[in-house]
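Taking it in order: structure first as structure tokens, then the write-up.
Bear in mind these aren't lab numbers, they're just calculated from the coordinates by the rules spelled out. Predicted, not measured: the structure shown is a model, and the values here were computed from it. Counting neighbours? That spans all protein chains shown, and the Cβs are built from the backbone with ideal geometry, glycine included.
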Amino acid sequence: MEINEIKSELKSRIAKGLNFGIEAVEEVLNSSTDLYNNYILLKSKYNDLMYMSSLNTLPYEQIAIGLDRLRSNLLHIIDKIEADDLKKKDVEADLKVHALPTRRTNFFKLLDIHFKNLEAIKYIEIMGDQENHKIAREAIFELYQTIRYKFRNRDDINGAAGIPILQAYFYDYFGYEKGILEVYFKNIKHLLAYIWESDIERQFFLNTVRSLFSKYELCMIFYYTLSELDPSFKELVTKSKLIDESVKEILITKEHFDWIK
């Protein structure tokens, strides 16, 4: 390969995913070149960011900024590569994807965090001097049914005219609740964003995520997107086709299903 072809191929690997670009550069870059020090610094920062990401301690916006900076720096390294910086003169078409096991591991760590967040959601029903505690999906079912009951006899929320009313309600509902649902939704966003970082294994990851949620969880996700507390969350949910026809009949008003489309 000519040097320009090698650079073009390395950049195409970044388009498939930052991790694949990092691996491809390591395959061809000579460890004795000055550029290799820049590469090692970048790879170290990438690994640190992936570790922090797996802990779910950073909001996705900060992670996205970090990844964009790393992509930019990696492109800069590729642009500076000269023929003498290379230890091999081609990029293998069947380059082994060493980072894929790590990517899968991180994905399933995010799934573990999702289920922990789900288990933390509680609903307490008080009947006389007795308390009935429900958690996880049962809690979300009760929370959602309480919301539906609240709007059951209101004609002003029917059709498109009701959207602004519900947006205002859910903006307050999700914006001022005690935080458990906030963390739950943030991790869903992180999970979806992680899937879209690379096209490798994307369909498997998407199919797995789509299988996670009950109809009532999807309704809560639907109304969280409607609240517009986080427009980028709606973008990810829509792009991932997370909301399907199964929720239509149990929305507060089924006509609202068209809003997500």
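State the Cα centre-to-centre distance between region 24-75 and region 172-214 in whole Å.
For region 24-75 versus region 172-214, the Cα centre distance is 24 Å.
For a quick check: sort LYS186, LYS87 by the number of other beta carbons within 10 angstrom, fewest at the front. Don't skip to the end; give the middle numbers.
Values: LYS186 16, LYS87 12.
Least crowded to most crowded, the residues run LYS87, LYS186.
Across bins of 10 angstrom width beginning at 0, how are the C-alpha pair distances of region 153-261 distributed, in whole percent?
So the P(r) values, bin by bin, are 14, 46, 32, 8, 1.
Search the structure for amide H atoms under 5 Å from the amide H of LEU86, placed 1.01 Å from N in the peptide plane, and list their residues when 5 or more places away or on another chain.
ASN30
Determine the dipole magnitude for the chain: charges of +1 sit on the beta-carbon of Lys and Arg, -1 on that of Asp and Glu, nothing else is charged, the reference point is the Cα centre, and the result goes in debye to the nearest 20. Spell out each step's value before the answer.
On the way: 36 positive and 41 negative charges, 64 e Å.
The dipole magnitude comes to about 300 debye.
Order by neighbour count: TYR223, TYR149, fewest other Cβ atoms within 10 Å first, most last.
Numbers: TYR223 20, TYR149 9.
Ordered from fewest to most neighbouring Cβ atoms within 10 Å, TYR223, TYR149 come out as TYR149, TYR223.
For ASP244 and PHE115 in the same chain, what is the full-extension length gain: residue separation times 0.36 nm, less their Cα-Cα distance, in nm?
On the way: separation 129, 0.36 × 129 = 46.44 nm, distance 2.12 nm.
Additional length available on full extension: 44.3 nm.
With Cα Rg over 2.2 N^0.38 Å in mind, check (i) 1.26; (ii) 1.20; (iii) 1.00 and report the label derived from this structure.
Identified label for the calculated read-out: (i).
Hey, what do the phi angles of region 102-119 turn into as Karplus ³J(HN,Hα) couplings, whole Hz, using 6.51/-1.76/1.60 and θ = phi - 60°, x for Gly and Pro?
Going residue by residue, I get 5, 4, 5, 4, 5, 4, 6, 5, 5, 5, 4, 4, 4, 5, 5, 5, 4, 5 Hz, with x marking Gly and Pro.
Which of MET1, MET220 comes first, and how do the rest follow, when ranked by fewest Cβ neighbours within 10 Å? If you can, show how the numbers build up before the last one.
Working: MET1 14, MET220 23.
Ranked by crowding around the Cβ, least crowded first: MET1, MET220.
List, in order, the whole-Hz ³J(HN,Hα) value for each residue of region 35-50 obtained from phi through the Karplus relation with A = 6.51, B = -1.76, C = 1.60 and θ = phi - 60°; use x for Gly and Pro.
So the Karplus estimates, Gly and Pro as x, are 5, 5, 4, 4, 5, 4, 4, 5, 5, 4, 5, 4, 5, 5, 5, 5 Hz.
Using θ = phi - 60° and the Karplus curve 6.51 cos²θ - 1.76 cosθ + 1.60, what whole-Hz ³J(HN,Hα) does each residue of region 194-199 get, with Gly and Pro shown as x?
4, 4, 7, 5, 8, 7
Residue farthest toward the positive end of the dipole of the chain, with Cβ of Lys/Arg at +1 and Asp/Glu at -1: which of ILE6, ASN132, LEU35?
It is ASN132, whose Cα lies furthest towards the positive end.
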